[in-house]
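Report on the structure given below.
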Amino acid sequence: MEFRKDFFADERAEGLKEVGHIRQRQDAVGHVTGRTKFFDDKKTTGLLHLKIVRSPHHHARIRNISTHEAERVPGVVRILRAADVPENIYTMLSLINVGIPDEPALAFDKVRYKGEPIVAVLADSPRTAHEGADKIRIDFEELPAVFDVEEALKPGAPLVNEYHGQNHFDYDGYSHQKVRLGDVERGFQEADHIVDERYQMSPIEHAPTETQGCIAVPSDDDRIDVYSNTQALFFSLDLSALILKMPSNRLHFMGGTVGGGFGGKVDTLVEPLAILGAMMTGKAVRHSFSRRDEMRAGPPRGAERIYIKDGVMNDGRIVARQMRIYFDAGAYSRLSAYGAVKAAAHCPGPYTIANVYVESYCVYTNRTPSTAMRGFGVTGVDFALEVQMDKLARTVNIDPMEFRLINAYRDGDMKAHHKRTEGAALIECVQAVSDLAGWQIDPKYRSYSSRQPGAAPAAAPSPASQPSASAPPPPPPPSSPPPGTTAPSASSRISSMFRRGR
Amino acid sequence: MSQVPIQFKLNGQDKAEFIDEAATLLSVLRGKVGITSPKAGCEQGTCGTCSVLIDGELRLSCITLAQTCAGASIETVEGMDTDGKLHPLQQAFLDRFAAQCGFCTTGMLMAAKALLDKNPNPTREEVVDAISGNICRCTGYEPIIEAILDATGGSAGSYRRA
Ligand code: FES
Ligand code: FES
């Protein structure tokens with residue numbers, strides 16, 4: 001079998017045989033001796049503990065907050081409310097100019113999800129912090145809540161987030177991300193079979209063994225030292241500076257030791273309030289999620305609902321694919337606008353299909369705001385696509401491996417995003433996996449190669465893909481997207497911003 | 001809250017502290033004694049990251065009242081390696097890539113030590129049972145089970161060393 005080395009050819013050594021071998025981690029000795037220092041292993045004196053009072057409601061107006069009783073609890077040092085936060089309303093991706101400020105560090109007029117932070121209590125022990133938090137009195141007026149992405153988009157649905165004014169993210173004037181190639185309706189008419197299905201992902205909790213947290217320590221040099229287990233150290237630093245309206249060079253973040261993250265420690269949820277507490281009291285402040293905080297208020301993977309309608313021929317060629325994706329952001333944007341872009345960018349999967357029509361929405365609901373998790377956006381789409389591929393294969397009675405080989409993209413094929421495929425390796429992967437699994441595939445498919453044109457020619461935009469077997473893939477065609485490829489500025493700008501991804 | 005005196009042995013050394021009467025052993029070890037290998041993963045007795053040995057028995061220090069340990073002998077991972085030489089379990093965890101983020105590792109090592117101290121030649125089932133109170137979210141349990149079996153000198157497992 002041929003191994004592709006189209007990318008990073010000069011950086012990749014020949015004859016690598018690392019997969020399947022155990023290599024010792026550089027931090028492993030610290031792990032097995034207990035000497036690895038996680039943020040909470042930092043020795044500090046006079047530490048204050050920060051405890052958050054959270055919303056018990058999914059959606060409610062805050063009528064009144066009373067802190068008097070809590071202030072009298074012995075050991076309670078300071079209580080933080082929205083008015084104490086210099087730039088209380090923020091959005092995570094403002095650092096890269098995506099989205100509008102839509103989320104308060106501490107809620108003040110209303111709460112939009114169960115577990116939303118409202119008040120922070122600083123006390124001299126975890127126990128007194130709990131006692132203080134217990135004495136905070138908040139009057140709520142409950143509001144109707146919406147938990148379903150499609151319900152949220154219907155007229156008359158409760159408005160989740162006033163900063164957006166509607167229950168979806170606005171992509172520079174467009175309600176969703178779009179991918180368009182060819183004419184799906186014509187494709188469906190030609191098709192021998194139509195397979196129309198609905199898929200639903202779950203909002204999975206990362207559940208790292210170490211909950212998210214940090215310790216903020218005022219230092220002698222007029223900076224605040226922050227020991228954090230964030231997965232995005234500089235992101236957290238910049239966002240903290242933004243929320244606290246302070247120059248970022250006054251913050252000194254130390255991290256890199258993360259007790260499990262999986263994407264769940266990307267949102268900057270603990271540092272800003274800990275730093276604010278440290279600045280207001282002059283003391284070191286520890287803000288660590290309890291397991292309950294982590295499970296209830298910690299952001300999960302965004303759940304996607306995905307509809308796929310495919311037209312397939314009896315010979316196995318998929319001739320049209322229409323997808324509608326609803327990415328559940330929960331109550332606030334966080335990274336979900338990006339998740340929905342990734343989802344759209346991943347369609348229609350690694351297959352060459354002449355007619356493609358994709359809509360991908362980032363939707364607000366009164367659920368816990370979602371965040372990064374292990375390829376979010378892509379993972380959900382892949383789940384739906386590959387289950388769909390199996391259903392299609394059964395529909396036309398073709399072996400599922402061979403069905404993928406028939407439709408696999410190849411170098412030079414036009415992708416739905418109007419770019420030519422480069423460095424394709426799906427065919428080779430399927431062949432290798434079939435061998436390893438002892439799965440018989442027809443010799444005809446053995447001879448397939450990603451470098452040669454396939455059986456499923458891309459009918460739509462010309463020129464058709466005809467790269468020679470050895471030549472590098474042709475350059476992308478001049479960008480003049482056909483009518484229907486809307487929002488090019490928005491989608492291409494956002495996509496390029498996100499290209500580095502996590 | 002009133003303070004009470006307590007004496008116990010930690011990794012063979014005598015310790016004496018004044019502690020809150022309601023303090024957990026985990027908070028005393030981490031906050032007072034400065035031992036950080038037991039971790040606070042849940043503080044409600046469900047994850048096993050705070051595991052220590054009390055008089056040779058595996059215990060969750062987050063739900064152990066420190067006062068009840070008066071006179072007891074407590075072991076933590078800090079006491080496992082001697083004179084720069086790793087305990088066979090520690091070495092096996094290194095060799096088998098049984099620690100990824102490391103947050104569960106110290107608790108796993110305690111659970112494994114509790115088993116091997118009593119039963120030097122456990123079956124795979126006994127190993128699985130011994131760590132059944134310890135959650136790992138990164139490494140996966142197979143390398144951990146294999147490491148523990150390796151430390152006994154023989155591997156009965158099915159994990160394939162490449
Ligand atoms: S911290 Fe003790 S069991 Fe989780
Ligand atoms: S190595 Fe991370 S939880 Fe086990």
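The values are calculated or read from the model by the stated rules, or taken from the named source; none is laboratory data. Bear in mind that the values here come from a model prediction, so they are computed numbers and not experimental data. When we count neighbours, we look across all protein chains shown, and the Cβ atoms used for this are built from the backbone with ideal geometry, even at glycine.
Okay, residues lined up against (1) more than 16 Å from ligand 2 (Cβ to nearest atom); (2) modelled with pLDDT of 95 or more:
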position	(1), (2)
A:203	yes, no
A:210	no, yes
A:213	no, yes
A:218	yes, yes
A:231	no, yes
A:236	yes, yes
A:240	yes, yes
A:262	no, yes
Note to self: Given the criterion under 28 Å from residue A:151 (Cβ atoms) and aliphatic (A, V, I, L, M), identify the matching residue among A:254, A:313, A:295, A:280.
What the structure shows: A:295
Item checked: Residue list for region B:58-77, restricted to those being within 15 Å of ligand 1 (Cβ to nearest atom) and exposed (fewer than 15 other Cβ atoms within 10 Å of the Cβ) -> B:65
Note to self: Just to check your reading of the model, which residue among A:305, A:296 is touching a residue at least 40 places away in the same chain (Cβ under 8 Å) and closer than 30 Å to residue A:181 by Cβ?
What the structure shows: A:305
Notebook entry, point to check: On the given criteria, is residue A:226 buried (at least 17 other Cβ atoms within 10 Å of the Cβ), β-branched (Val, Ile, Thr), more than 14 Å from chain B (Cβ to nearest Cβ) and under 30 Å from residue A:386 (Cβ atoms)?
Noted result: no
Notebook entry, point to check: Mind checking whether some residue in region A:202-210 is in contact (Cβ under 8 Å) with a residue 60 or more places away in the chain, buried (at least 21 other Cβ atoms within 10 Å of the Cβ), in contact with a Lys or Arg (Cβ under 8 Å, 6 or more places away or on another chain) and of a type in the set (A, V, I, L, M, F, W, C)?
Noted result: no
Check: Does residue A:286 satisfy being out of contact with any strand residue (DSSP E or B) (no Cβ under 9 Å at 6 or more places or on another chain) and not assigned by TED's automatic domain parsing to the domain that holds residue A:198?
Finding: no
Check: Does residue B:40 satisfy the condition of being within 16 Å of ligand 2 (Cβ to nearest atom), assigned to a loop (DSSP other than H, G, I, E, B) and either crowded, with 18+ Cβ neighbours inside 10 Å or not hydrophobic (A, V, I, L, M, F, W, C) (or both)?
Finding: yes
Item checked: Residue that is farthest from residue B:41 (Cα to Cα), among those in region B:122-137 that are out of contact with any helix residue (DSSP H, G or I) (no Cβ under 8 Å at 6 or more places or on another chain) and more than 16 Å from ligand 1 (Cβ to nearest atom) -> B:123
Check: Of all residues in region B:11-37, which are away from chain A (no Cβ under 13 Å) and part of a strand (DSSP E or B)?
Finding: B:13, B:14, B:15, B:16, B:17, B:18
Margin query: Can you find a residue that is within 10 Å of chain B (Cβ to nearest Cβ) and in a helix (DSSP H, G or I) anywhere in region A:41-64?
Written below: yes
Note to self: So, residue B:55, is that one farther than 21 Å from residue A:212 by Cα, surrounded by fewer than 24 Cβ atoms within 10 Å (Cβ to Cβ) and assigned by TED's automatic domain parsing to the domain that holds residue B:139 or not?
What the structure shows: no
Next item on the list: Starting from region A:115-133, keep only residues that are outside any helix (DSSP H, G or I), then list their pairs with residues that are surrounded by fewer than 21 Cβ atoms within 10 Å (Cβ to Cβ) and of a type in the set (Ser, Thr, Tyr) whose Cβ atoms are within a distance under 7 Å, requiring at least 6 positions of separation or different chains.
Entry: A:119/A:67; A:122/A:281
Check: Does at least one position in region A:71-85 carry a residue that is of a type in the set (Lys, Arg) and assigned to a strand (DSSP E or B)?
Finding: yes
Note to self: So residue A:337 ticks every box in (1) under 18 Å from residue A:153 (Cα atoms); (2) among the aliphatic types (A, V, I, L, M); (3) assigned to a strand (DSSP E or B) but one. Which box is left unticked?
What the structure shows: (3)
Notebook entry, point to check: Is it fair to say residue A:213 is crowded, with 23+ Cβ neighbours inside 10 Å and either under 26 Å from residue A:292 (Cβ atoms) or of a type outside the set (Val, Ile, Thr) (or both)?
Noted result: yes
Note to self: If residue A:343 satisfies all but one of (1) over 14 Å from the mean Cα position of the chain (by Cα); (2) farther than 27 Å from residue A:209 by Cα, what's the number of the condition it fails?
What the structure shows: (1)
Checklist line | helices (runs of 4 or more DSSP H) fully within region B:44-162 counting 2 or more residues that are within 16 Å of ligand 2 (Cβ to nearest atom) and within 8 Å of another protein chain (Cβ to nearest Cβ) | finding: B:88-95, B:105-118
Next item on the list: Consider residue A:118 carefully, then state whether it is among the aliphatic types (A, V, I, L, M), outside the structural domain of residue A:333 (by TED's automatic domain parsing) and farther than 22 Å from residue A:333 by Cβ.
Entry: no
Notebook entry, point to check: Among the numbered criteria (1) surrounded by 17 or more Cβ atoms within 10 Å (Cβ to Cβ); (2) in contact with a Pro (Cβ under 9 Å, 6 or more places away or on another chain); (3) farther than 28 Å from residue B:75 by Cα, which single criterion is violated by residue A:34?
Noted result: (3)
Check: In this structure, does residue A:127 turn out to be out of contact with any Lys or Arg (no Cβ under 6 Å at 6 or more places or on another chain), in the same structural domain as residue A:85 (by TED's automatic domain parsing) and modelled with pLDDT under 95?
Finding: yes
Next item on the list: For residues that are among the aliphatic types (A, V, I, L, M) and touching an Asp or Glu at 6+ places or on another chain (Cβ under 9 Å), scanning just region B:90-107, find the one that is nearest to ligand 1 (Cβ to nearest atom).
Entry: B:99
Notebook entry, point to check: Any chance region A:92-108 includes a residue that's within 27 Å of the chain's Cα centre (by Cα) and part of a strand (DSSP E or B)?
Noted result: yes
